[in-house]
Amino acid sequence: MAKPSFRSFADFWPFYLAQHSKPVTRRYHFIGTSMVFLCLLAAIFWQWWAVLLAPIIAYGFAWYSHFFIEGNKPATFGHPLWSLGADFRMFWLMLTGNLDRELNRYQIKSR
């Protein structure tokens, strides 16, 4: 199957949301992204090498959720930079309680 192509981040965003239709998948992503910030703080205040753990932990949580919960391939594999930006956007929307509105905007149904 050919990977979808997108002309802009705005075109990619609804696809990214659809790839995260299960609430548990989104929670795993939220935990992984939260760990990025904790690793950055640990690197600043404890040991510099803690920053090296950030991508390992974050992608570990995210990829686990795609392979074993969502049942799809992570968007990172085809669109790494847009996927990273979309993950932080989804994290912010979850943190601020606005993700449901965004899911409704694009008619993404939670499974």
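Rule-based calculations on the coordinates, nothing more; no lab input. What you are looking at is a predicted structure, and each value in this text was computed from that prediction instead of being measured. Cβ: placed from backbone, ideal geometry, glycine included. Neighbour counts: every protein chain shown.
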- Against the longest alpha carbon principal axis of the chain, how many degrees, from 0 to 90 and to the nearest 10, is the axis of helix 80-95 turned? 90 degrees
- Query: Expressed as a whole number of Å, what is the distance separating the alpha-carbon centroids of the range 1-56 and the range 76-95?
  - Reply: 5 Å
- Given chymotrypsin sites (Phe, Trp or Tyr not before Pro), DSSP loops and at most 15 other Cβ atoms within 10 Å, the longest exposed-site-free stretch of the chain is 47-105
- Tally Lys/Arg at +1 and Asp/Glu at -1 over every other residue whose Cβ is under 13 Å from the Cβ of residue 100; what's the total? +3
- Sites matching trypsin sites (Lys or Arg not before Pro) across the range 1-108 that sit in DSSP coil, with at most 13 neighbouring C-beta atoms within 10 Å: 7
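Please report, in debye to the nearest 20, how large the charge dipole of the chain is about its Cα centre when each Lys and Arg carries +1 at its beta carbon and each Asp and Glu carries -1 there. Before the final figure, lay out each step's value.
On the way: 11 positive and 5 negative charges, 61 e Å.
Value, rounded to 20: 300 debye.
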- Using helices alone, what [θ] at 222 nm do you get for the chain, with -39,500 (n - 2.57) per DSSP H run of 4 or more residues, divided over all residues and rounded to the nearest 500? -19500 deg cm²/dmol
- Note on the structure: Beyond 22 Å, the calculated P(r) of the chain holds a percent of Cα-Cα pairs equal to 32 percent
- Item | Computed FRET value (nearest 0.05) for residue 46 with residue 111, which takes r as the C-beta separation and R₀ as 41 Å | 0.55
- Query: In degrees, nearest 10, range 0 to 90: what is the angle between the Cα axis of helix 9-18 and the longest Cα principal axis of the chain?
  - Reply: 90 degrees
